[in-house]
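We did not get these values from a lab; they are worked out from the coordinates using the rules stated. Note that the coordinates shown come from a computational prediction; the quantities given were computed from them, not determined experimentally. Methodologically, a virtual Cβ is constructed for each residue, glycine included, from the backbone with ideal geometry; neighbour enumeration extends over all protein chains shown.
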Amino acid sequence: MYPSELKYDREHEWVRVEGDEAVIGISHFAQDQLGEVVYVDLPSAGDSVAAGETFGEIESVKSVSELYSPINGEVVAVNDALSDTPETVNEDPYGEGWMIRVKMADPSQVDDMISAEEYEAFVNEEA
Amino acid sequence: MTRESQPGPSRASSAAPRATIFEVGAPESACVLAPALDVPDVDVESALPGLARSAPPRLPHVAEVEIMRHYGHLADMNFGVDSGPYPLGSCTMKYNPRINEDAARLDGFAGLHPYQPLETVQGALELMVGLQEALGEVAGLPAVTLQPAAGAHGELTALMCFKAAHTAAGDPRTKVVIPDTAHGTNPATVSMCGYETVTVPSDERGLVDMRALREVLDTDVAALMLTNPNTLGLFETDILAITEAVHAIGAYAYCDGANLNAIMGVTRPGDQGFDALHINVHKTFSTPHGGGGPGGGPVCVTEDLARYLPGPLPTRLDDGSFALHTPDASIGRVRSYLGNFGVLVRAYAYVRALGAQGLLEVSEQAVLSANYLRVLLRGVFDIPYDRTCMHEFVMSSATLKREHGVRTLDVAKRLLDYGFHPPTVYFPLIVDEALMLEPTETESLESLDSLGAALRSIAEEAGSDPDLVRGAPYTTPVRRLDEARAAREPVVRWSPQGE
Amino acid sequence: MRHVPVTCEQREAMLRGLGVSSADELFADVPPAARLGRPLDLPGPMSEIELAAHLQTLARRNAPATACVSFAGGGVYDHYVPSVVDHVLRRPEFFTAYTPYQPEVSQGTLQAIFEYQTMICELTGMDVANASMYDGATALVEAALMACRVTRRSRVVCAPTMHPEWQRTLATYAAAGDREVDYSLAVDATAGVCDPHDEGAGIERLCEGGDVAAVLVQSPNFFGGIEDVREMARLAHEAGALLVVAVNPVLLGVLEPPGALGADIVVGEGQCLGNAMSLGGPGLGIFACRQPHVRQMPGRLVGRTVDVDDRTAYVLTLSTREQHIRREKATSNICSNHALNALAAGAYLAAVGTEGLAGIGRACIAKAHYLRDRLLATGAFEAPWDGPFAHEFALRYRGDVSRMHTAMLERGYLAGVEVARFSAEWPSGGPPVSDEGLVLFAVTEKRTRTELDAFADEVGSL
């Protein structure tokens, strides 16, 4: 449920490092809490994101949640497919349900994120 | 109740989805046409060059019988207060007396144009002044505007008055404090008025946490918005200390009057230290909700704030006649014309029918009925704040969820099969799996008992056959909807096949 | 106690069950200092017979426009309401229901709104219409605020020929919400309409700062004049602003929809569609926009979906825009709307249909043109300008307007609306054209040639 090769934050985002870029999405736990995702509002390529700040919003039928970036950087790609099929976030949160790809300004920020094991302990506590 | 003995088809369930009105009637059908033209025709294209409509709007084409059957069928798929008990917390779904409907339709009211000369609307102005005086007395806040069209509109009107007063005093402020139990309209109104929302938590009693409140009260705070009784149905016992603390920093205390039905003739927001209050006449004063509106949100304020009210205000002159007056420091106006007059006629009729004793009895019975129901359901559902409540109380399906996987939503939907409208669900936000019940004073003892019995039965079903509850409703015109599909691919208008 | 069905005996038993001796004990949480401690000072209660008589008395102290030959307009009009409309509204399942938050038992309200939304889209030429706002004025304000969200700008240009009460409402909201409204768009006083190309105060000039979210215009405007909406749309769009057009929906059976003229948001007062005048409220705030902006739209919206048995069903949708979910970040604070007035509009438009609405529009326009000619022929009035108009127009009376109004009232006429009565409403300090002697006349399909002739003859011979 929480792939060990990813890093997590306590706002329920995950990060996968690929070279000097990071792919960001939300965890299985987060999509399950939201229920059926109906809309994802994402930034555009070229926008900058900063650790702890929002980069978008995700909506279910009766809730809205903000998406927080765990790192600083510049958005280089956005998962445009989510605008037509937002349910992909529910179906494949770590794969096709990714949200943005960011060119990292400070890769060391990823080191400050928590591991799958730590994250799982965190969500068990939350639940 | 088991699956084999589900309630027989109720009246509503005889209705099933039907075609839209655009699909009814022959293409050349019509109901009401304008009479033959008795003046020379004017060619639209030559009178209004470039503006004659090139493609006509595709409106329905139906005969009168088809209109009555269509809307009659739609009405059959609806549940109103007249259909059965409607214990929707915070919404005060009381019975709507029929004489009020007749009154609003009198030609002497319904036929009035807003710009008629004042001497031709003296009865209307007298009615509005009478209503202002009555609402001011119930509120303990003497200055009243009837302009706001709804509760949220009233909230905004009051905050605008506060802002004008602070600005006039050279003391502009930036924040408004609301408790975490507040209705969503409160923070939305705060934003519309250019303020920032500061939320204070409730304490273990379900009341405003005084320590937390004092911590956020500083001189940037323009106002506190508070619903009293609050949305847990509890009276804020510290209310005098709360309003005093708010005044001590030069801020205003605003009462959201959504729950006024609990306290009429017992205690007045003005006497609790509030500076302003909106009244939902479509709750407390029995005007119908109309499937979402129109309502009315009169605002009552202190003498000090009277000069900021939106104008014009109907007033009584010394000679006994009635006129319109705009206060000297008025914020302006929050809508066109004078207010939702047709709704105000109904509210006036209600307050005149009941008088002081009648309104007190309304509140006493509303509170008594809520407490009766609360005790009836004790041990059936969780009641997180199980003490004497006002006109409503909040229970929770947390135990049902934990033990049987049955959620509040399921309980609400199953209640539909028993012929009741569900309570308000998942509000206030601080109670997990919340069910907020407000029976109102117009439910008979028999109704209260049958509602209690239905909820008890559903709680039992949750244990014996949870899938039955999770699959409900079964007897309604339609069953659970695919709401995600509606939101992902919004279809918000009818289109002919192939478009 | 006739409103409370619980009997005294039952009440006593309920109190005993709670272990209290009186209802008053249930209010123990109310601090003594906050208790009223006396009866409310209200007039005594009335039996239904007394109440009915009292209300009749108050109603008779009014002389309703519907009992006169009325030429009063300014947003509220004396149109004929087909009988069938009120018979629809009287179904208690509609008017005693709450907001349709439980769709399984609210399909009637929901489908009726869905059909209403469709009709408004057809009339306005827009993609999406919401379930209603309070009235035309607040719909205009919401459109301005929406344009600010869409464009991320905070200033709007409002045509000074807009209804003065709508302008005043906009000014009131703008002052509270720290937004700027510019009312200085040039007006051609010889035409009674805006001059969007004016060098000093045309749209291009007013928008040159790049911070204008929208241009707001009403057409026909408050004075009855027809604005050049196409040009205003073009100029607004060139400046990156939206165009908000306020319409009179009853005319849209014969006039081009604003959607075809380039409008981005359309608002209007829908009283004319099957609603009583009722001293101006409750009215109906019409609000429609284009699909790409739907997530910034205020108010409720009904969408079509299916239930678990795959039957067509309707539900409130895109609710995450609204206050009960998004709270301080909602697109508006609106909760209660004017659903029953929208139901009336739907039933009205069904009753008149495409052909009926066009016939009503043509009749209004023809009769207004006939009356204007007749009034000018009396010599008692002069035309302030000679531009195109529809069913409402302004003339200058050569005599004393209020004396004329009084004299005509005695003869059974509401002789239009005196523009000077709005002198305190204009946010820019005064009317965009001289209001001296200016009277607005509105003519609906209800007026007969006999009435028009008689009115012209009588007002001409004062």
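Projecting the Cα atoms of B:363, B:420, B:396 onto the charge dipole of segment B:355-478 (Cβ charges, centred on the Cα centre) puts B:396 farthest toward the positive pole. Residues whose amide H lies under 5 Å from that of residue C:69, counting only those 5 or more places away or on a different chain, are C:413, C:414; hydrogens are built 1.01 Å from N in the peptide plane.
Among A:16-28, C:277-289, C:221-233, the peptide with the highest mean count of other Cβ atoms within 10 Å heads the list, and the full ranking is C:277-289, C:221-233, A:16-28. Using θ = phi - 60° in the Karplus curve 6.51 cos²θ - 1.76 cosθ + 1.60, the 3J(HN,Hα) couplings for segment A:33-41 round to 5, 5, x, 4, 6, 10, 7, 10, 9 Hz; x is entered for Gly and Pro. Ranking C:167, B:184, C:47 by Cα position along the charge dipole of the protein assembly as shown, where only Lys, Arg, Asp and Glu carry charges on their C-beta atoms, puts C:47 farthest toward the positive end.
Taking the beta-carbon count within 10 Å as an exposure proxy, list B:285, B:427, C:95 from fewest neighbours to most.
Fewest to most other Cβ atoms nearby, the residues stand as B:427, C:95, B:285.
The string of couplings for segment C:233-240 from the Karplus curve (6.51, -1.76, 1.60, θ = phi - 60°) is 5, 4, 5, 5, 5, 4, 8, x Hz, one whole number per residue in order, with x for Gly and Pro.
Between residue C:199 and residue B:467, the modelled label-to-label distance comes to 8.2 nm, taking each label 7 Å out from Cα in the direction of the beta carbon.
What translational diffusion coefficient, to the nearest whole µm²/s, does the protein assembly as shown have by Stokes-Einstein, given a Kirkwood radius computed over alpha-carbon pairs, a temperature of 4 °C and 1.567 mPa s viscosity? The calculation lands on 43 µm²/s.
Global size of chain C: 25.2, 82 Å for Rg and Dmax (C-alpha atoms, Rg to one decimal, Dmax whole). The charge dipole of the protein assembly as shown, taken about its Cα centre with unit charges on the Cβ atoms of Lys, Arg (+1), Asp and Glu (-1) only, comes to about 2780 debye. Sorting B:375-383, C:259-267 by average packing, meaning the other beta carbons within 10 Å per residue, from highest down gives C:259-267, B:375-383.
In a reduced charge model with +1 at each Lys and Arg Cβ and -1 at each Asp and Glu Cβ, chain B shows a dipole moment near 740 debye about its Cα centre.
Once backbone amide H atoms are built at 1.01 Å from N, residue C:305 has C:313, C:314, C:315 as its partners under 5 Å, excluding neighbours fewer than 5 places away on the same chain. Per-residue mean of foreign Cβ neighbours for B:265-273 is 5 (Cβ atoms of other chains, 10 Å radius). Other protein chain C-beta atoms within 10 Å of residue C-beta, averaged over A:81-89: 1. Axis of helix C:449-460 versus longest Cα principal axis of chain C: the two differ by about 70°, to the nearest ten degrees. Taken as Cα centroids, segment C:190-222 and segment B:165-199 sit 34 Å apart, rounded to the nearest whole angstrom.
Taken as Cα centroids, segment C:245-315 and segment B:437-497 sit 29 Å apart, rounded to the nearest whole angstrom. Close amide-amide hydrogen proximity is noted between residue C:36 and B:267, B:268, each under 5 Å apart and 5 or more residues distant or on a separate chain (H modeled in the peptide plane; Pro and chain starts excluded). In chain B, the calculated helix contribution to ellipticity at 222 nm averages -10500 deg cm²/dmol per residue, counting -39,500 (n - 2.57) for every DSSP H run with n ≥ 4. Which angle from 0 to 90°, rounded to the nearest 10, does the C-alpha axis of helix C:107-124 make with the longest principal axis of chain C? The answer is roughly 10 degrees. Cβ crowding within 10 Å ranks A:69, B:495 as B:495, A:69, fewest other Cβ atoms first.
Among the residues of C:42-49, the average count of other protein chain beta-carbon atoms within 10 Å of the residue beta-carbon is 6. Can you compute the helix-only [θ] at 222 nm over chain A? Use -39500 (n - 2.57) per DSSP H run of at least 4 residues, normalise by all residues, nearest 500 deg cm²/dmol. So the helix-based figure for chain A works out to -5500 deg cm²/dmol.
Candidates B:274, B:100, B:148 compared by Cα position along the dipole of segment B:100-354: farthest toward the positive end lies B:100, with charges placed on Cβ. The distance linking segment C:98-158 with segment B:325-376 is 27 Å (Cα centroid to Cα centroid, whole angstrom). Straight-distance candidates among the aspartates and glutamates for linking to residue C:329, with alpha-carbon spacing under 20 Å and chain neighbours fewer than 8 residues away dropped: A:11, A:41, A:53, A:57, A:59, A:66, B:155, B:180, B:196, B:256, C:142, C:178. Scattering from the C-alpha atoms of segment C:14-123 alone, worked out with Debye: what is log10 I(q)/I(0) at q = 0.16, 0.18, 0.23 1/Å? These q points yield log10 I(q)/I(0) values of -1.07, -1.10, -1.25. Near residue B:119, within a Cβ-to-Cβ distance under 12 Å, what is the net charge of the other residues, with Lys and Arg +1 and Asp and Glu -1? Neighbourhood net charge equals 0. When you restrict to C-alpha pairs under 8 Å that are six or more residues apart and normalise by the size of segment A:26-127, the relative contact order lands at 27 percent. Considering segment A:7-107, its Cα convex hull presents a mean projected area of 5.4 nm². Here the Karplus curve 6.51 cos²θ - 1.76 cosθ + 1.60, taken at θ = phi - 60°, turns the phi angles of segment B:322-339 into couplings of 10, 9, 10, 9, 10, x, 5, 10, 3, 5, x, 9, 10, 5, 7, 6, 9, x Hz, with x standing for Gly and Pro.
When C:206, C:140, C:255, B:435 are arranged by Cβ crowding within 10 Å, least crowded first, meaning fewest neighbours, the order is C:206, C:255, B:435, C:140.
What percent does the relative contact order of chain B come to when contacts are Cα pairs within less than 8 Å and at least six residues apart?
19
Quickly rank B:340-352, B:227-239 as a protection proxy: mean count of other C-beta atoms within 10 Å, highest first.
Going by the mean number of other Cβ atoms within 10 Å, highest first, we get B:340-352, B:227-239.
With a ≥ b ≥ c the root eigenvalues of the C-alpha gyration tensor of chain B, is it rounded (a/c under 1.5), prolate (a/b larger than b/c) or oblate?
oblate
From the P(r) of segment C:84-346, could you give the percentage of C-alpha pairs in the tail past 23 Å?
More than 23 Å apart: 50 percent of the Cα pairs in segment C:84-346.
Measuring nothing but how far apart in sequence close Cα pairs (under 8 Å, 6+ apart) lie, relative to its length, chain C scores a relative contact order of 21 percent.
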